[in-house]
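What follows is a short report on a single structure.
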Amino acid sequence: MVLIFLKWVLVLQIIGIIGFPISYFLFKNVKGIGIGFSKPLGILFLCSTYWIISHIPYVSHGNSSLFIWFFFLLSSSLIYLILKRNEIILAIQEYKVLLLTIELMFFLVLLLWLFVRIIDPNIYGTEKPMDFMMMNSVVNSSNFPPHDLWFSGEVISYYYFGYWIFGIISILSNVSLNISYNLSVATVAALVSSSVFGLVSMLIKENNGSQRESIIVSVATIFFILFSSNLQIIWETLTFFGILSKSFLTWLSIDGLSKDIFGDWYLSGGWWRSTRIINFFENGQGIDYTISEFPLFSFILGDLHPHLMSIPFLILSLSSLYIFQFIKIKNKKKYDIGNIIRFILITMIIGAVGFINGWDFPVLILIFIILYIFFPLIRSFFDRFQFSRKYIFILPIMVVLPTLIFFSQYYIHLGNQIQFPPILPVKVSSRLIHFITIWGFFLIIISPVFIRNSLLIKKDILQKNRSNNSFFFIIFTILFTIIFIFWSIGNAWIYDQYDFSRVIHNLLIIFPLFILLLLSSRSIFNKSENVIPNPGYFFHGLLFVSLLILLGVEMFRLNDFFGNRMNTIFKTYYQVWTFLSLVSGYVIWDIFFNDDNDYVRSRFMKILISFSLISLFIFSSYYFISSINDRSNGFKNETPLD
């Protein structure tokens, strides 16, 4: 088993060598030189290019061609490192502490989650059999698209690129798929830690933060993504100690949570209940049953599903979107070949992430629109701000290159689960208590942003000579009010429920989310005065997009074959968890390390966040230990990886 692990790690390290020159080339214009992205970018580049090559006529698709391409990329990377050795050595010397920390964290996270998989290695139940089938299909198919092993004569019409990635690593390391499945789950977590370091350290240093600060904030952000739970664990604990009454639990209405959990310190089934929180009961029947997974739950569960595999590459894509501001295709009437290559690389990264998880591609396009087009355009209407029109022309290229050129063979065969009309109003929105149970910790940590912005908006509106900002907020509010009225009418007409109490119920969650969205827009509005996007603007943009998504899924859902919003909540909540984790890390840096922050009562905010972080750490640790105890039958399971 040790030899298998060493082979797996060796391949990952070699892929990191392949990825380092690409990462250095792509991120050389920003601080931190993208040092944490070597492995994720190396994996994405190796697997994307080999997938594209495999579709060329008369090119064999087999292990021999894979190894040839693998060693070709390795040789090319080594040649690049030799040619650029002087500047690369200087860069490594400058960031050597960060580099060593990233590698150390990668191995610690890998070993921790490998231990979890060892004590619970079973590949059955939930969606594991399907995931394992997909890995076998992409590895053993002689052509593309891969054959569906469960449906003879048919091909896989699903986003299978994540399985292709870990299938390739399995082949290169000569590890059988029944073992590499669990190794892959642990590797995803380790790659998340590297990607977080890459993004956070880059943006903290861009904001003139120190290397020490970037390491501290990166570790905190890794904790938010990989090891934090929601507030459900608090309800579980209070119920276990008999503090919550039966009537309160009935009102709370979380599936499976009752007084019957007495006696189990590890809260038998509590880890599962933490993702089955949102529901609405009518005449004793649940009509809004949803799944709200978060990464800690997913890694404990062990499903190797696209939403899990995409996390490190989604973070890489966010970093790629940030550096768009530094890419100028044409300088002084001459085309910059280096920047053209960077642009192509970024579009390939974004397209590949959409191939891993189809839900990520439209969200990344939305983030690009918000950061580079929507708010700068709004700013140009309300102030003397020069809007850069080039991003309007870049947008269709970002959509066309990945879908019609790089990964066209995937999109041609992709099955469509969406019915007409593609979007429908939500029948009933979430209960506020359920929403707070899922997102409460993040909202507390980010609350200083909302408090500060509420005071700034109040100041804007009360000025004798109203600023342009105040007109924006007024127009924003009017537009939302009109949208909500039409949405309520459409909701009543489609579902034939003319019940005013339902409107009030929906408004109890939609109105607070709109207020938070409005408050977050104040930060972006100001930040866009200078560089677009600067680090602060970028993180506040992520906050705005997160709240926009959360508000959107309370009003609309995809019209898929589930017939409800279960899958819409499932996939979007997972993305928002990653985004809010990154935003929370930035807020911590802004309050504890940034001397230029303008938060009101900064000392109180530090105490509030410190208390929240300690509570989050304690309850999440309890969740983690109790969950793996439950999953491993009290740590008594056999411990092979296969």
Quiz item: Between residue 557 and residues 5 or more places away or on another chain, which pairs have amide H atoms under 5 Å apart, with H built 1.01 Å from N, and which residues are they?
Solution: 424, 426
Practice problem: Could you order peptides 247-254, 180-187 by the average number of other Cβ atoms within 10 Å of their residues, highest first? | Solution: 180-187, 247-254
Quiz item: So what's the gap between the Cα centers of segment 317-384 and segment 472-518, to the nearest angstrom?
Solution: 32
Practice problem: Rank by packing, highest mean first: peptides 42-50, 312-320, with packing defined as the count of other Cβ atoms within 10 Å averaged across residues. | Solution: 312-320, 42-50
Quiz item: Can you give the Rg to Rh ratio for segment 112-257, taking only C-alpha atoms and Rh from Kirkwood?
Solution: 1.11
Practice problem: Tell me what the chain gives for mean residue ellipticity at 222 nm when only DSSP H runs of n ≥ 4 count, each as -39,500 (n - 2.57), the sum divided by the residue total, rounded to 500 deg cm²/dmol. | Solution: -22500 deg cm²/dmol
Quiz item: Of 244, 138, 70, which is farthest on the positive side of the dipole of the chain, counting Cα position, with +1 on Lys and Arg Cβ, -1 on Asp and Glu Cβ, and the Cα centre as origin?
Solution: 70
Exercise. When a/c is below 1.5 the answer is rounded, else prolate if a/b is larger than b/c, else oblate, so apply that to segment 97-149 with a ≥ b ≥ c taken from the square roots of the Cα gyration tensor eigenvalues.
Key: oblate
Quiz prompt | Pairwise FRET efficiency - residue 92 versus residue 122, Cβ, R0 = 41 Å, nearest 0.05 | solution = 0.45
Quiz item: Over the C-alpha atoms of segment 1-130, what are the Rg and the largest Cα-to-Cα span, Dmax, in Å?
Solution: 17.5, 53
Practice problem: Would you work out which of 51, 580, 493 lies farthest towards the positive end of the dipole of the chain, given +1 charges on the beta-carbon of Lys and Arg and -1 on that of Asp and Glu, about the Cα centre? | Solution: 580
Exercise. Could you rank the peptides 449-462, 109-122, 279-292 by their average count of other C-beta atoms within 10 Å per residue, with the highest value first?
Key: 109-122, 449-462, 279-292
Exercise. Express the C-alpha Rg of the chain as a ratio against the empirical globular expectation 2.2 N^0.38 Å, rounded to two decimals.
Key: 0.96
Practice problem: Would you compute the Debye intensity of segment 393-492 from its alpha-carbon atoms alone, equal scatterers and no solvent, and pass along log10 I(q)/I(0) at q = 0.10, 0.16, 0.19 Å⁻¹ to two decimals? | Solution: -0.65, -1.09, -1.05
Exercise. Give me the percent of the accessible area of the chain that comes from carbon and sulfur atoms, probe 1.4 Å, all protein chains in place.
Key: 66
Quiz prompt | the chain - accessible surface per residue (Å², probe 1.4 Å) | solution = 41
Quiz item: For the chain, what are the DSSP H helices with axial Cα length of 20 Å or more and mean Kyte-Doolittle hydropathy of at least 1.6?
Solution: 2-27, 63-83, 96-119, 337-356, 535-555
Quiz prompt | Estimated FRET transfer efficiency (residue 3, residue 397; beta-carbon r; R0 51 Å; 0.05) | solution = 0.65
Self-check item: Descending semi-axes in whole angstrom, ellipsoid equivalent of segment 334-384, from the Cα gyration tensor
Solution: 25, 20, 4
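The values are calculated or read from the model by the stated rules, or taken from the named source; none is laboratory data. Predicted model only: the values in this text are computed from it and were never measured. Quick reminder, even Gly has a Cβ in these numbers, built from the backbone with ideal geometry, and neighbours come from all protein chains shown. When the accessible area is computed, the model is the full protein with side chains, heavy atoms only, and any ligands, DNA or RNA have been set aside. Shrake-Rupley method; radii C 1.70, N 1.55, O 1.52, S 1.80 Å.
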